[in-house]
Structure formats: C-alpha cells, structure tokens
C-alpha cells in the first residue's frame with residue numbers, strides 16, 4: 001500500500017483544529033492540487049472563495065447552522081459553480097442549463113477532493129460544510145457572488161485537535177453493482193446496520209445507538225432544503 | 001513534496017490503454033478508497049456500476065459519442081446518484097429535491113476522485129466520461145437503473161499507453177477569490193489564453209491554436225444538453 005492510498009483510506013472528517021496556521025506554501029500546494037483535477041470539456045467552471053475575514057467567517061459559521069469550526073479552521077474555502085467567469089468572456093453565452101449545474105457540482109467536488117487529499121497527505125485534516133446550503137442567499141450576499149455563481153459547500157482545513165475513528169461505510173456489495181443495478185441485499189444491510197450501531201455506541205459511550213437505516217430514515221422523513229430549487233433559479237441556474 | 005501530492009499534480013487524462021488488466025486486489029483497493037470519501041450527512045447516495053460485459057461496454061462507448069476507450073479501458077465504472085437505495089429502506093422517503101441532486105453529484109464526484117487518485121498512485125491512468133450524459137436514458141435502460149438513480153459520469157481506468165502533457169489550468173488568481181467574488185483580470189486572462197494556445201500548438205504540431213476563451217466561447221455558443229432537465233425529472237430527480 002502506497003502513501004497516497006494510506007492517506008485516502010485514513011480519511012475522517014476533522015471538526016476540531018489547533019490554532020496553528022497553514023503556511024502560504026502549504027496553501028498554494030493545496031490549491032495547485034485542486035486546480036490539477038479533471039474538468040468537463042475544459043470548462044473550468046469552479047471558483048474558490050478563500051475566506052480570511054474573521055467577521056465573514058463568524059457569519060458563515062452561523063449560516064451553516066452554528067458550526068464553530070468554520071471560524072476556527074486555519075483555512076476556509078467556499079467552492080462555487082461559476083459560469084459568471086464565462087459570461088465575462090462571452091456575454092451571450094448559453095448558460096442556465098440543468099446539465100451545467102451537474103457539471104458545476106461534479107467539477108467543484110473533484111477539485112475540492114484533491115484539496116482535501118493534498119491537505120491530509122500533509123498531516124492536516126478537514127471537513128466539508130454542506131450546511132452553507134442552509135442559507136445560500138445569505139452566503140451569496142456575503143461573498144458578493146454574482147448571477148451564475150452558486151456556493152456549493154465549504155471546506156475547513158487545519159491541524160487536527162482530535163483523532164476520531166474512521167466511520168464505517170456501506171459495504172462494497174451494497175454500493176458496487178456489476179453490469180446492472182441490483183436490488184439491495186437486506187441481510188447485508190442488517191449486518192451493516194449493526195456495524196453502524198456499534199460505531200455510534202463506542203463513540204458516545206453507549207448514549208447513541210442508531211443504525212444507518214434508522215439514521216437515513218430520520219433524515220429522509222424531512223424535506224431536503226426545499227428552497228434550493230428556487231435559489232438555483234434565482235441565480236440563473238438549472239432553469240433550462 | 002510528498003508522494004500523494006506528486007500524484008495529484010501529475011494528473012492528465014489518459015485515453016489510450018494497454019490491454020493489461022487491473023488486478024482484483026488493485027480494483028478492491030481503488031473501490032475502498034472511493035468508499036472512504038466524505039458523504040453529506042452520512043447519506044451515502046452513490047452507486048457504482050462496474051461494467052464488465054463487452055457488449056454493454058461497446059454500447060456505452062457509442063452512447064458517449066464513440067469514445068473507444070470506454071471499451072478499451074481495463075475497468076469502466078459508472079457513478080450514479082442513488083436514492084433508490086434509501087427508498088428500499090423507507091418507501092415514503094422524501095426524495096426528488098434539487099438539493100438532493102446537488103448532494104448526489106458532489107458525493108459521487110468525491111468518491112470518483114478518490115478512485116482516480118488511488119489508481120494514479122498505482123501507475124494507472126484514467127479519464128472521466130461525461131459523454132454518458134449525451135444519452136442518459138439509453139445508459140439508464142442498459143444498466144437497468146430504477147427511479148431515483150441518475151448516471152452522472154463514467155470513469156475509465158487502465159495502464160496508460162500514452163504519456164500526454166499536463167494541461168495548463170486557469171491561473172490561481174483567476175480561480176481563487178479572497179473574501180468576496182472578484183471580476184476577472186482581463187490581462188491575466190489574455191496571458192492564460194496564450195499559454196493554452198501554445199499548449200494546443202505544441203500538442204498538434206501547430207495545427208490547432210485555440211485559446212481558452214475561444215474554446216469556451218465555442219462551447220457556450222451551443223445549448224448544453226437541454227434534455228437533461230427533463231431526464232432528471234423523468235427519474236424523479238430535482239423536481240422539488
């Protein structure tokens with residue numbers, strides 16, 4: 001097993017950070033790794049907003065649902081799907097397609113994952129902040145995002161001040177299908193549910209014992225940010 | 001610079017492959033690395049279809065716009081956003097939100113990028129196949145994807161039979177903003193356009209000399225898969 005693979009397999013989200021800064025050199029390398037990711041048809045439709053301003057960090061932490069680590073992380077990046085760049089080159093560019101929303105989300109995530117892996121390979125840790133999408137309009141206003149720019153998620157990076165366990169993922173045979181989609185094996189799911197129950201139990205000293213099925217049932221009992229469709233449309237996204 | 005970062009910075013898409021297979025052990029490691037990626041609120045809404053069947057590969061290559069490497073690669077994975085898994089656990093799960101489409105695209109891309117980076121760290125190469133979205137309905141039918149499963153992109157992996165240059169990306173200062181979105185610096189864009197022109201010229205022996213601005217202007221002069229919105233809706237996605 002090589003060093004890159006060790007880094008990938010050792011991933012866990014870090015939500016407590018030391019106050020040690022990330023050096024300029026490290027940050028530049030992390031960003032260069034992000035930029036090296038694939039981009040659909042060379043469209044390069046991602047922008048990264050590096051948030052340094054403390055008051056903006058405080059507000060973003062609040063918008064994300066009071067996630068203090070957005071303030072405390074050494075670096076905080078907001079990854080955006082961005083076709084405004086292209087409109088500055090070609091004002092009559094055909095934008096606003098649902099397809100471009102997909103490309104934007106996929107390309108931004110490819111870049112972000114390279115950034116996180118690069119950081120983790122340096123001994124740093126991080127966590128994605130999807131909670132920014134709780135208040136996409138406020139995030140957009142705060143960061144002065146123009147039309148055709150959509151904030152997708154944040155990424156906290158810093159030196160870890162915690163050492164959590166790796167969280168057990170769905171087993172391979174529930175996630176990978178061969179040649180065609182296969183229905184879920186309920187026995188394997190039950191086994192996985194036990195693994196997740198055990199993981200939470202160990203982590204919380206027995207206070208929490210939720211299975212994966214229970215957790216996702218609770219999550220999907222509620223609407224999932226039902227305002228997002230209108231927000232995307234308000235930014236000129238995914239309307240066609 | 002550590003080995004993981006060297007791998008990330010050395011990325012270029014590989015579209016010609018040796019016939020050497022990827023071993024089972026390598027494939028399992030690649031998939032394990034994919035599974036280790038972050039997932040939004042532990043939702044785990046990605047499915048990977050590993051396509052082994054030669055006829056299915058041939059058809060997918062055709063659907064993607066006659067990209068022969070879809071057939072020739074040692075492995076071909078189709079990454080899907082998948083809430084059908086959750087519906088098997090909770091038949092009345094609240095699904096179909098645009099937000100869930102974003103989560104699906106982001107999570108699938110995080111996983112896929114881990115897979116590609118793992119593969120590249122082993123000396124393999126690969127390329128993403130967004131062209132599957134030329135014919136999302138045909139891809140879905142071929143792979144028997146049920147409702148609430150959307151094929152996002154493919155990933156070819158194998159031993160490289162070519163050694164292309166690293167493609168020059170947008171410079172940092174056109175991609176990374178500080179604290180707020182900044183308008184594009186046209187001088188920097190012109191410099192980058194020259195870099196891209198030179199890259200294509202070298203690569204094609206002077207036959208192609210397109211700048212980035214010219215390339216994206218041509219791309220965005222056309223509609224971007226305008227059928228995608230209806231396709232997503234037909235799969236029960238992004239309707240709310």
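Below 8 Å, C-alpha to C-alpha, sequence gap of six or more: please give me the relative contact order for the stretch A:74-211 in percent. Intermediate results must be reported in sequence, preceding the final value.
Details: 136 pairs, mean separation 38.2, N = 138.
About 28 percent, as a whole number.
Over every pair of different alpha-carbon atoms in the protein assembly as shown, take the mean of 1/r and invert it; report that Kirkwood radius in Å. Final number for the Kirkwood radius of the protein assembly as shown is 22.5 Å.
State, as an integer percentage, the relative contact order of the stretch B:59-149 based on alpha-carbon contacts under 8 Å between residues 6 or more apart. Numbers along the way, then the final one.
On the way: 58 pairs, mean separation 41.4, N = 91.
Once normalised by length, the contact order is 45 percent.
Divide by every residue of chain A the summed helix terms, -39500 (n - 2.57) for each DSSP H run of at least 4, and state the resulting mean residue ellipticity at 222 nm, rounded to the nearest 500 deg cm²/dmol. Walk me through the numbers on the way to the answer.
On the way: 11 runs with 107 residues, N = 240.
Roughly -13000 deg cm²/dmol at 222 nm, from the helical runs in chain A.
Each copy carries a label point for residue A:191 at 7 Å from Cα along the beta-carbon vector; from one copy to the others these points are 5.7 nm apart, nearest first. Fewest neighbouring Cβ atoms within 10 Å first, the residues B:111, A:228 line up as A:228, B:111. Relative contact order of chain A: 27 percent, from C-alpha pairs under 8 Å at least 6 residues apart in sequence.
Whole-Å semi-axes of chain A's equivalent ellipsoid, largest first, each the root of 5 times a Cα gyration tensor eigenvalue?
On the way: eigenvalues 185, 114, 76 Å².
That gives 30, 24, 20 Å for the three semi-axes.
For the segment B:178-188, counting C-beta atoms of other chains within 10 Å of every residue's C-beta and taking the mean gives 5. Which one, B:53, B:137, B:107, has the greatest fluctuation when you compute a Gaussian network model over chain B with C-alpha springs under 10 angstrom? Per the Cα network of chain B with a 10 Å cutoff, B:53 tops the list. Using a 7 Å projection from Cα along Cα-to-Cβ, the label point at residue B:92 is separated from the same position in the remaining copies by 5.3 nm, smallest value first.
Looking at the square roots a ≥ b ≥ c of the eigenvalues of the Cα gyration tensor of the stretch B:1-97, which shape do they give, rounded for a/c under 1.5, prolate if a/b is larger than b/c, or oblate? Please report the intermediate quantities before stating the final value.
Values: a/c = 2.17, a/b = 1.31, b/c = 1.66.
The shape class here is oblate.
Counting only other chain Cβ atoms within 10 Å of each residue's Cβ, the peptide A:84-93 averages 5. Which shape class, rounded, prolate or oblate, goes with the stretch B:1-56 when its Cα gyration tensor gives a ≥ b ≥ c as root eigenvalues, a/c under 1.5 marks rounded, and past that a/b bigger than b/c marks prolate? Taking the square roots of the gyration eigenvalues as a ≥ b ≥ c, the stretch B:1-56 is oblate. Shielding of peptide A:41-47 by partners, expressed as the average count of other chain Cβ atoms within 10 Å per residue Cβ, is 6.
Distances between equivalent label points of residue A:3 across the copies, with each point positioned 7 Å along Cα→Cβ, amount to 0.8 nm, shortest listed first.
Sorted ascending by nearby beta carbons within 10 Å, beginning with the fewest, A:7, A:20, A:29 become A:20, A:29, A:7.
Neighbour counts of C-beta atoms inside 10 Å place B:13, B:19, B:121 in the sequence B:19, B:13, B:121, starting with the fewest. Between the Cα long axis of helix A:186-203 and the first principal axis of chain A there is an angle of about 90°, rounded to the nearest 10. Compute the Cα gyration tensor for the stretch A:92-147, then decide on rounded, prolate or oblate, letting a ≥ b ≥ c be the square roots of its eigenvalues: rounded whenever a/c is under 1.5, prolate when a/b is larger than b/c in the other cases, and oblate in all that remain. Oblate is the answer for the stretch A:92-147, as a/c is 1.5 or above yet b/c matches or exceeds a/b. At R0 = 35 Å, how high is the FRET efficiency between residue B:3 and residue A:188 if r is their beta carbon distance? Nearest 0.05 is fine. The formula returns an efficiency of 0.50 here.
No value in this document is a laboratory result; all are computed from the given coordinates. Small disclaimer: the values here were computed from a predicted structure and weren't measured. Cβ atoms come from the backbone with ideal geometry, glycine included; neighbour counts cover every protein chain shown.
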